[in-house]
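Each remark here refers to the structure printed beneath this line.
The values are calculated or read from the model by the stated rules, or taken from the named source; none is laboratory data. Keep in mind that this is a model prediction, so the values were computed, not measured. Reconstructed Cβ throughout: ideal geometry from the backbone, glycine too, with neighbour counts over all protein chains shown.
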Amino acid sequence: MNKAITDGLDFMPPAFIDGLDDWSSEDGTPGSANYDGAANASLVASDPDFGPCLELQKTDSTQKLRYMGEVPILPGCYLQVTVRFKVLSGLFPSLRIAAWAGDAGGLHVTGLDETGPEFLPDTYGRIYTISAIIGSGERTGVDMIWGTAPVYGHIGLDMLGDNGAVVRIESVEIKDKTSIFHRNLMGWVDVRDYGAVGDGITDDTTAFELADAAADGREIVVSEGTYFVGSTITINAPIRFEGTLVMPADKRLQITSNFDYKTYEAAFGNETEALKRALAALFNFTDHESLDLGGRRIQLSEPLDVHAAVGNQNTYANRRVIRNGQISANGAAVWDNDVVTGTADYSTGDSTMLSNVANIANIQPGSLVEGTGVGREVYVFSTDVSAGTLVLSQPLVNPASTQSYTFTRFKYLLDFSGFTTLSRFQIEDIELACLGNASGILLPQSGIAWHIRDCWFLRPKNRGITSHGTGCFSMSINNCEWLSIEFSVLAQDRVTIGYNTNNNDVKVRNNRCVRYRHFGVMNGSGHIITGNHFWQGDSAPAGDRTAGIVLTAKNSKTVMSANYIDNCFIEVTNEHANLANASPGTEPFGTLSMTGNIFTVSKVPAWFTYLRFAPQGNNYRIDGVSIIGNTFKSFGGIVIDRVEEEDTSNGSFDHSQSTNVIFQGNSFEDVAFRTENPSFVELDQSVATTSWSLSNADKIPFGGQILGISGWAALGPIQDAGNIDQFETPYFTVA
């Protein structure tokens, strides 16, 4: 790079022979004294060595010679000042290149080194050359490091020592020598060339901005050092870090060209800090919709609070993506769960609030709530410390009005709970390596249309995905692999849960989940669950089993199709309903369609069932359940009694009101009583009687009641005791 060539800049002062009114005996600033007509200065028309030159007699302790023109000082530019001279007589003075630095307002920039190295000649008439380099960057060979504050200089020399010497000076030559420092690579600019110090203290923000402005398509190089950047900056050029950055937590590095995790890791030198900084930029700059981890394994030293890392966003609805890498927990004590116990009051009149909560200052939003009458997967949505209250994600079942609760805050690799609303966020192709140290993802308080796909949840300590509010609304969980830390634990003793939901329209597709307590606990309605394989067996010879999917909205409007439901069952309950406001006689359990699923079990007792309806409260009805075209198969010589049941431990159904229950087209193997509705029953009445009795209870699903008969057909004539054909029309009554 040479600014004289590329930008047409002229750095050279005029020759002395053109007049001494351009040359000052002071700093060279406007109004300073010049050498035109001075008694100690004269022009020599024809020196035998120099030709035209300046002859100067030293009369001041520091005899100055400054060009009064403004020589431009540009960021990234290096100027070499060269002077040829000889001493004719008198005591030998020391000579040095010297200059005066001025800013854009014409004021002196103080605190800079404005002189080069001193040189002491020792021979009269001998031609000597002195030089010095002025530049913005702290580079080897630069004598006067000016940074980016000066925009011009008055350049010349100083003579020091005793007075009386007569010196002839050929010229003051100023040349652009930037190419000396950039000679190896013309495709980059170094932030040090634009004033960056790299001492970890000096604010180098301006130098980065100037380097970016000067790059013009070239790469910025941040050479070795520690650079303090005190403000948010946006870098548009490609950037490469050999040194590292230090920035305040609320400032951001926004890279637009090579925005990826690798660049941020190089910039900050710490995996956790790099991911925080990259996420902050992802949420604050619209040039990129995704953060590519580049296949990197990122070992977090602490749970990553994404809201805190972003710092300035409480709500966000633009699509953003994290993809392609592994995020793991390092196993330190910082991942230990926080557990708080305390009493609280509960009222069915405000079914999602606890009041008079002891220790509330220590209870964190996102904490799991446990206690008598608390259903599965109930979390703290928010707290009000001053009021002593907290809001729950779901109503409780039937707790005491005052009782003790336990609040457990799991630690998550990615914690989004600080966002009030975060929508359209996507996590794809990420291995969440919890490794028994951490849980996976904690969703925001509210949001819509999260997509989590092609991810691995590897051995989460407690949970894979947690919703403590409504951030799960219309969420999609697709093509993920869920591997449990409790593989060798008996099913009934496991505590890990794949995911939970509190809101509607969740899609769970094509996942594989191995040996969790539950694959999913789902409140809300309008769910689509298809193509999944969830397997929850163990090594017990006739073991208990847990629910693979728990639907806690009794009227869930859910479709389950083409799933492989392996050594677990589907449970439908209403444990997240406000029972005080329930009307059991009019509220149905139903709007559930299960089609084309594969149900398989082995090593279980005969009473095991694949489908369980478990009401909380009495006299509910079943309405709108379709169980069609499924396969029910038992292995290992086990014959189970039936495939479905009603669990009346905490409630009951009024089957006189149940209707629209379809259970047909299913296949059964090693099942004693094969459920169907409507069902076909064949009766062979061999003894004459006017009343024939028939029970079909063993085939009716969920212990239901036969409410009607849709039709009948006689196979051959109906005869009396004398074998005479009878033609009276029979009729039916339902007992």
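Summary table
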| read-out | value |
| --- | --- |
| Pairs, first outside the structural domain of GLY243 (by TED's automatic domain parsing) and farther than 16 Å from GLU219 by Cα in the stretch 254-269, second assigned to a helix (DSSP H, G or I) and hydroxyl-bearing (Ser, Thr, Tyr), C-beta under 8 Å, six or more apart | none |
| In the stretch 485-511, the residues that are in a loop (DSSP other than H, G, I, E, B) and among the hydrophobic types (A, V, I, L, M, F, W, C) | ILE485, PHE487, VAL489, LEU490, VAL495, VAL506 |
| Exclusive hit being in contact with a Ser or Thr (Cβ under 8 Å, 6 or more places away or on another chain), among the acidic types (Asp, Glu), over 26 Å from SER179 (Cα atoms) and part of a strand (DSSP E or B), set GLU55, GLU26 | GLU55 |
| Condition broken by ARG126, with the remaining ones in (1) assigned to a loop (DSSP other than H, G, I, E, B); (2) basic (Lys, Arg); (3) closer than 30 Å to ALA237 by Cα satisfied | (3) |
| Residue match in the stretch 95-115 (condition: under 15 Å from LEU157 (Cα atoms) and over 60 Å from the mean Cα position of the chain (by Cα)) | yes |
| Close pairs from the stretch 687-701: first more than 26 Å from VAL643 (Cα to Cα), partner modelled with pLDDT of 80 or more and loosely packed, with under 10 Cβ neighbours inside 10 Å, Cβ under 9 Å, at least 6 apart | VAL687/ALA721; ALA688/ALA721; ALA688/GLY722 |
| In the stretch 584-620, the residues that are among the basic types (Lys, Arg) and not in a loop (DSSP other than H, G, I, E, B) | ARG612 |
| Verdict on THR402 being outside the structural domain of PRO303 (by TED's automatic domain parsing), at pLDDT below 95, more than 29 Å from the chain's Cα centre (by Cα) and not charged (D, E, K, R) | no |
| Residues satisfying the stated conditions in the stretch 192-227, i.e. surrounded by 24 or more Cβ atoms within 10 Å (Cβ to Cβ) and closer than 15 Å to TRP146 by Cβ | ARG192, ASP193, TYR194, GLY195, ALA196, ASP204, ALA207 |
| Residues within the stretch 373-389 that are in a loop (DSSP other than H, G, I, E, B), of a type outside the set (A, V, I, L, M) and modelled with pLDDT of 95 or more, tallied | 5 |
| Hits in the stretch 394-444 - residues which are more than 29 Å from GLY331 (Cβ to Cβ), out of contact with any helix residue (DSSP H, G or I) (no Cβ under 7 Å at 6 or more places or on another chain) and either of a type in the set (Asp, Glu) or not in a strand (DSSP E or B) (or both) | GLN394, PRO395, LEU396, PRO399, ALA400, SER401, THR420, SER423, ARG424 |
| Where a residue in the stretch 270-281 is farther than 16 Å from HIS307 by Cβ and its partner, wherever it lies, is among the hydroxyl-bearing types (Ser, Thr, Tyr) and crowded, with 20+ Cβ neighbours inside 10 Å, with Cβ under 8 Å and at least six apart | ALA274/TYR261; ALA274/TYR264 |
